[in-house]
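I have placed the structure first, in the form of structure tokens, so that the comments after it can refer back to it.
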Amino acid sequence: MKRIVVLVSGEVQGVGYRAYARRRAMELGLSGYAENLGDGRVEVVAEGPEEGLEQFLEFLRKGPRLSRVSALDVQWSQATGLEGFSTR
């Protein structure tokens, strides 16, 4: 199991991005959370199989219809045992 911490830049707050990330993560069976940051980015932390995380990154690059993702900063590490997927 792997973990990714993703900082998503662009027009990603106020457009349903966190709910979109949660929905996609749950479809893929991933655990973690999505949280708005004070600088306008969204932080997404997810854990699960590497293949599922790679698929999840593709969803995050696209984002929901009203978003405009300009960049993803991704850091990989070992999973820590998160359960469920929440928005903060």
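The table that follows gives values for the structure above.
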| quantity | calculated |
| --- | --- |
| Of all residues making up region 65-84, the number that are under 11 Å from residue 12 (Cα atoms), open to solvent by 40 Å² or more (accessible area, probe 1.4 Å) and of a type outside the set (A, V, I, L, M) | 3 |
| Flag if residue 83 is assigned to a loop (DSSP other than H, G, I, E, B) and touching a strand residue (DSSP E or B) at 6+ places or on another chain (Cβ under 7 Å) | yes |
| Residues being at negative phi and touching a residue at least 40 places away in the same chain (Cβ under 8 Å) - total across region 22-64 | 20 |
| Subset of region 29-64 that is among the polar types (S, T, N, Q) and more than 11 Å from residue 85 (Cα to Cα) - its residue that is least open to solvent (accessible area, probe 1.4 Å) | 36 |
| Looking only at region 4-23, and only at residues there that are part of a strand (DSSP E or B) and more than 9 Å from residue 46 (Cβ to Cβ), the one that is least open to solvent (accessible area, probe 1.4 Å) | 8 |
| Among the residues listed as 26, 1, the single one being open to solvent by 10 Å² or more (accessible area, probe 1.4 Å), farther than 13 Å from residue 88 by Cβ, touching a Phe, Trp or Tyr at 6+ places or on another chain (Cβ under 7 Å) and among the aliphatic types (A, V, I, L, M) | 26 |
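The values are calculated or read from the model by the stated rules, or taken from the named source; none is laboratory data. Owing to the predicted nature of the structure, the values given are computational and were not obtained by experimental measurement. Neighbour counts are summed over all protein chains in view; Cβ atoms, including those assigned to glycine, are modelled from backbone coordinates with ideal geometry. Note: accessible area is taken over every heavy atom of the protein model, side chains too, but ligands, DNA and RNA are not part of it. Shrake-Rupley method; radii C 1.70, N 1.55, O 1.52, S 1.80 Å.
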